[in-house]
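For reference, the structure discussed in these notes is given below.
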Amino acid sequence: MFFPWNKYEELPTGRRNTLQIFITNCCNLKCDGCFARNAMADNSNISLDEYKKVVEQFITKGGQQINILGGEPLLHPNLKEMLKINKDHYLKTTIYTNGYFLNKYKKEDFQGAKLRISLYCKSGNLKSVDNLPKTDIPFEVCYMVSKTSDLEDLLSTAKELESNYSCDVFFISSIRELDNPKKEFFTDTKITMPVLEYKDLVH
Ligand code: SF4
């Protein structure tokens with residue numbers, strides 16, 4: 001089957017200046033494939049002042065979008081204040097989370113921000129939809145396909161989310177890009193697991 005390119009017009013994509021900010025090293029989970037696990041030994045948070053300074057500097061450089069990551073961002077005691085700062089500056093915000101603490105928040109806390117939850121499976125100890133608390137807060141899900149995933153599990157995860165949550169978007173993600181020979185997307189750093197080792201672990 002060929003994709004009918006002639007039926008679609010490709011729109012030029014503008015460059016969006018995005019800041020990825022890791023607000024906490026605390027996390028309630030210990031996922032095998034956690035890219036941040038070497039950084040999480042000290043359980044520290046960035047302060048609200050530090051956050052404000054970084055955001056102000058980012059805005060002077062034309063910043064438009066902030067991705068909030070951790071550790072587990074919902075564990076940061078000042079997350080709501082951080083979201084307010086972003087909203088006041090008309091910044092688009094996406095929070096990457098495991099979703100386990102959504103029941104500690106209200107829908108209104110995330111106005112103007114998107115939540116993206118990564119899941120590994122329907123049932124299980126780690127990142128399963130069965131472990132998500134019941135909530136009316138809308139979110140998107142990224143289902144991480146790994147060497148242990150199967151189609152039945154993926155379908156039942158999607159079904160469960162559709163029936164019981166306000167899940168707007170369901171992505172299926174794989175990490176095949178990890179062995180992209182040009183290393184366009186990832187480079188090894190001192191605090192992260194070497195990319196190829198990570199790929200062996202999860203793929
Ligand atoms: S939930 Fe995220 S930050 Fe926490 S251990 Fe798992 S991958 Fe790492």
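We did not get these values from a lab; they are worked out from the coordinates using the rules stated. It should be emphasised that the depicted structure is a prediction, and the values quoted were computed from it without experimental measurement. Virtual Cβ from ideal backbone geometry, glycine too; neighbours counted across all protein chains shown.
Odds and ends about this structure:
- Straight-line cross-link reach from Lys147 at under 30 Å between alpha-carbon atoms covers these lysines, not counting any fewer than eight positions away in the same chain: Lys30, Lys114, Lys122, Lys127, Lys134, Lys159, Lys182, Lys183, Lys190, Lys199.
- GluC sites (Glu not before Pro) within region 1-103: DSSP coil, no more than 14 neighbouring Cβ in 10 Å: Glu9, Glu10
- Note on Phe110, Phe35, Phe171: ascending count of other Cβ atoms within 10 Å places them as Phe171, Phe35, Phe110, the fewest first.
- Whether region 8-65 is rounded, prolate or oblate, judged on the alpha carbon gyration tensor where a/c under 1.5 counts as rounded: oblate
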